[in-house]
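> Got a structure here, written out as structure tokens. Questions coming.
The values are calculated or read from the model by the stated rules, or taken from the named source; none is laboratory data. All of these numbers come straight from a predicted model, not from anything done at the bench. As a convention, Cβ positions derive from the backbone with ideal geometry for all residues, glycine included, and neighbour counts pool all protein chains shown. Protein only, heavy atoms only, side chains kept; ligands, DNA and RNA dropped before computing areas. Shrake-Rupley method; radii C 1.70, N 1.55, O 1.52, S 1.80 Å.
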Amino acid sequence: MDLFNNSDASGGALSLSALNERVSEAIGALLPDACWIQAETSDVRVNASSGHCYLEFVEKDASGRQIVAKARGMIWARTFQLIRPYFEQETGQAFVSGLKVMVKVSVAFHKLYGYSLNVLDIEPAFTLGDLVRKRTEIIRRLKEEGIFDLNRELPFPALPQRIAVITSPTAAGYGDFESQLMNNPAGYPFYLKLFPAVMQGERAEASIIAALDSICRADCFDVVVLIRGGGSASDLNCFDSYLLAAHCAQFPLPVITGIGHERDESVTDLVAHIRMKTPTAVAAFLIERMDGQARLLNEMQQAIRALAAGILSARQTQLNLLTARFPSTVMRRIERGRTQLQALAGVLPASRLLIMQHRSALEEARLHLQNRWTSCLADRNRQLELTEQFLRMASPDHTLKRGYSLILKDGKAVRHTSDLSSGDEVTLRLADGERTAIIR
């Protein structure tokens with residue numbers, strides 16, 4: 001087939017529309033009516049009025065960063081109404097950008113819109129396998145980094161009363177959780193603080209992580225509760241995020257999840273300290289923890305009562321014995337005391353004489369010490385006077401007053417003429433002052 005056999009008489013050139021028509025005819029002739037391809041979805045958009053889905057199919061290199069092939073695609077409204085619910089039910093994943101898919105397409109080339117792929121069918125098992133692979137890869141990465149079990153290893157508080165709640169303020173599950181917790185039959189006090197977050201869609205991951213960061217900065221809670229009121233499987237895919245799971249795994253407080261789904265646990269459920277199915281189940285768990293502590297306290301109270309009763313009974317028995325023995329014991333003590341007093345009365349006169357003798361001896365000793373002290377003081381005064389007179393006689397000032405003088409060189413007394421040289425400056429100290437002189 002010769003696409004470029006020009007039969008146009010005007011210069012032999014084809015118009016663009018004619019060329020595009022021939023390309024369309026050639027594609028239709030050479031390619032099968034439909035074929036299966038593997039690609040990644042990109043720029044998925046649904047026209048609100050027509051219901052048609054417009055998207056791009058891309059293929060990336062091994063690194064996953066460089067696009068090596070791209071094709072425009074579309075799914076007609078009637079086909080999209082069948083494909084979309086089937087795909088989402090089988091995979092639990094919304095039909096959005098960034099999915100690896102296997103689709104059956106027909107190749108079209110429109111002279112105005114160019115090359116495109118029309119989607120006729122989809123194989124959910126291919127995408128499901130990719131999602132399972134990603135989920136398995138996330139779990140493997142968390143375990144290799146040593147953080148998969150960190151949150152479960154935290155000690156759970158005995159009385160989890162200060163609770164940080166992450167959920168949407170409008171979620172029905174939050175209302176049920178709050179009502180069940182605050183109206184518990186035993187009247188346990190719980191203190192709730194809501195940290196609002198988006199719980200589905202592309203913004204959910206960043207929103208929940210921001211709420212966790214706010215709770216960490218507050219540093220005044222016992223546990224963190226992550227809940228939502230159910231939803232379709234595709235709404236819960238954000239909980240299979242690596243970043244969200246890593247934050248929960250490494251969070252310094254126990255994390256309890258009650259996301260409200262019956263399917264397989266999400267990665268966030270797996271790394272959480274405790275996973276419950278629904279928000280109300282989380283509330284029931286917290287109340288049961290308080291019940292457990294209440295039972296423990298009641299058992300301790302009963303044990304203390306029994307122990308106290310035993311001690312009181314033993315003490316009562318001892319008291320009864322003492323009461324029975326008290327009169328005879330008191331009488332014996334009185335008689336023994338009377339005997340001792342009588343014995344003391346017999347020796348009391350001799351004691352008085354002994355005291356008088358000791359008093360006389362003490363007075364004589366006092367007078368003797370007083371005389372000795374006075375004599376010692378007089379002797380020491382005479383010694384001090386003699387010492388003072390000797391010091392006055394030995395003083396340089398006394399010698400100077402007798403007409404002598406001192407020669408000082410560099411502040412030291414000169415004793416020998418050999419210590420002086422011509423030109424030395426010396427100081428002459430006399431009785432009435434000092435003068436400076438030069439040696440010649």
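> Which one of V101, V68, V107 is over 30 Å from Q200 (Cβ atoms), in contact with a helix residue (DSSP H, G or I) (Cβ under 7 Å, 6 or more places away or on another chain) and β-branched (V, I, T)?
Just one listed residue meets the conditions, V107.
> Hey, does the stretch 233-241 have a residue that's of a type outside the set (V, I, T), in contact with a Phe, Trp or Tyr (Cβ under 8 Å, 6 or more places away or on another chain) and touching a residue at least 24 places away in the same chain (Cβ under 8 Å)?
So far as the stretch 233-241 goes, no, none of its residues is of a type outside the set (V, I, T), in contact with a Phe, Trp or Tyr (Cβ under 8 Å, 6 or more places away or on another chain) and touching a residue at least 24 places away in the same chain (Cβ under 8 Å).
> I've got another one for you. Checking R359 against (1) over 32 Å from the mean Cα position of the chain (by Cα); (2) under 30 Å from A172 (Cα atoms), only one condition comes out false. Which one?
(2)
> What are the pairs with Cβ atoms under 6 angstrom where one residue, in the stretch 338-355, is open to solvent by less than 80 Å² (accessible area, probe 1.4 Å) and the other, located anywhere, is modelled with pLDDT under 75? Sequence gap at least six, or different chains.
none
> Hey, can you tell me all the residues within the stretch 406-440 that are surrounded by 13 or more Cβ atoms within 10 Å (Cβ to Cβ) and small (G, A, S)?
If the condition is that a residue be surrounded by 13 or more Cβ atoms within 10 Å (Cβ to Cβ) and small (G, A, S), then A431 is the only one that fits.
> Oh, and also: Could you please give the count of residues in the stretch 195-211 that are assigned to a loop (DSSP other than H, G, I, E, B), open to solvent by 30 Å² or more (accessible area, probe 1.4 Å) and aliphatic (A, V, I, L, M)?
1
> Next question, about the same structure. Does S395 count as exposed (fewer than 10 other Cβ atoms within 10 Å of the Cβ) and either small (G, A, S) or touching a residue at least 24 places away in the same chain (Cβ under 8 Å) (or both)?
When the stated conditions are applied, S395 does not pass them.
> I'm told I75 meets every condition in (1) more than 45 Å from the chain's Cα centre (by Cα); (2) farther than 26 Å from Q200 by Cβ except one. Can you identify the failing condition by its number?
(2)
> Filter the stretch 246-274 down to the residues that are open to solvent by 30 Å² or more (accessible area, probe 1.4 Å) and over 24 Å from A218 (Cα atoms) and list them by number.
E262, R263, D264, E265, L270
> Then there is this: Can you give me the number of residues within the stretch 162-181 that are open to solvent by 50 Å² or more (accessible area, probe 1.4 Å), over 13 Å from V282 (Cα atoms) and not in a strand (DSSP E or B)?
Within the stretch 162-181, residues that are open to solvent by 50 Å² or more (accessible area, probe 1.4 Å), over 13 Å from V282 (Cα atoms) and not in a strand (DSSP E or B) number 3.
> Also, quick follow-up: Among the listed residues N237, N184, identify the single one that is buried (at least 16 other Cβ atoms within 10 Å of the Cβ) and part of a loop (DSSP other than H, G, I, E, B).
N184
> Kindly provide the set of residues from the stretch 123-161 that are part of a helix (DSSP H, G or I), open to solvent by less than 70 Å² (accessible area, probe 1.4 Å) and closer than 30 Å to I287 by Cβ, ordered by number.
Listed by number, the list holds a single entry, N151.
> Anything in the stretch 160-180 that is more than 15 Å from L226 (Cβ to Cβ), touching a Phe, Trp or Tyr at 6+ places or on another chain (Cβ under 6 Å) and at pLDDT below 95? List them, or say none.
Q161
> What number of residues within the stretch 31-80 satisfy the criterion of being hydroxyl-bearing (S, T, Y), over 14 Å from S97 (Cα atoms) and open to solvent by 40 Å² or more (accessible area, probe 1.4 Å)?
Within the stretch 31-80, residues that are hydroxyl-bearing (S, T, Y), over 14 Å from S97 (Cα atoms) and open to solvent by 40 Å² or more (accessible area, probe 1.4 Å) number 3.
> Would you list the strands (runs of 3 or more DSSP E) that sit entirely within the stretch 48-118 and hold 3 or more residues that are out of contact with any Asp or Glu (no Cβ under 8 Å at 6 or more places or on another chain)?
100-110
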